[in-house]
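Below is one structure, written out as structure tokens, with a few remarks after it.
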Amino acid sequence: MSAVLRVRAAEGVLRAAMEQGIRTPEDLAQALEDCRLLQSPETAAARAALRPVTVPVHTIDPDVAEDSPAADLALRLRTSQPDVLATDVRSATHLQITVRPQSPDCMRWWLGRFETDPATGIREGAAYTVRGHLSSVDVELVITGDAVTAWAGAVPHAS
């Protein structure tokens, strides 16, 4: 990950942490560490080499304006958060976002970011889906990867 992308990702994590009331330098540093944004470029490259390559997919319904609230949110998230795998803007106020958090702490950050109720989500295999919102946008958050497996005890299975 280039230095510019790391800075953008760190900026997004810090902004979200501050929105959640985290203010002390130590706690902000811990938020970055939890999302593995303070690691060296060598460590990041080594970790990336071990992960399967995933090509991000970003779609927008043709009837939705590119400056709509959902499209704007999708753009901000995919340019500032390295966990984003896909965004699907379904209407001006509805966004489906797929993320692969790097840790259970990052998973909790995503859940808090969209004011979700984790008890209302459904886990199917290694994917967990929950609904939330941010401002005027309804968000369907799909979380995939090891963080879901590590957090499995707290997430209900699909019936």
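The values are calculated or read from the model by the stated rules, or taken from the named source; none is laboratory data. Since we're looking at a predicted model, the values are computed, not measured. Note: ideal-geometry Cβ built from the backbone for every residue, glycine included; neighbour counts use all protein chains shown.
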Query raised in the report: Within the set of pairs 6 or more residues apart or between chains, which connect a residue that is in contact (Cβ under 8 Å) with a residue 24 or more places away in the chain and within 12 Å of Pro101 (Cα to Cα) inside the stretch 128-146 to a residue that is among the aromatic types (Phe, Trp, Tyr) and part of a strand (DSSP E or B) with Cβ atoms less than 8 Å apart?
Result: Val142/Tyr128; Ile143/Tyr128; Thr144/Tyr128
Report summary line: Just one listed residue, out of Leu111, Leu85, Leu77, Leu73, is in contact with a strand residue (DSSP E or B) (Cβ under 9 Å, 6 or more places away or on another chain) and assigned to a strand (DSSP E or B), and it is Leu85
Report summary line: By residue number, the members of the stretch 72-98 that are of a type in the set (A, V, I, L, M, F, W, C) and closer than 14 Å to Thr144 by Cα are Val84, Leu85, Ala86, Ile97
Report task. Kindly provide the set of residues from the stretch 1-29 that are modelled with pLDDT under 70, among the small types (Gly, Ala, Ser) and not in a helix (DSSP H, G or I), ordered by number. Result -> Ser2
Query raised in the report: Residues in the stretch 51-70: is at least one at pLDDT below 90 and in contact with a Gly (Cβ under 6 Å, 6 or more places away or on another chain)?
Result: no
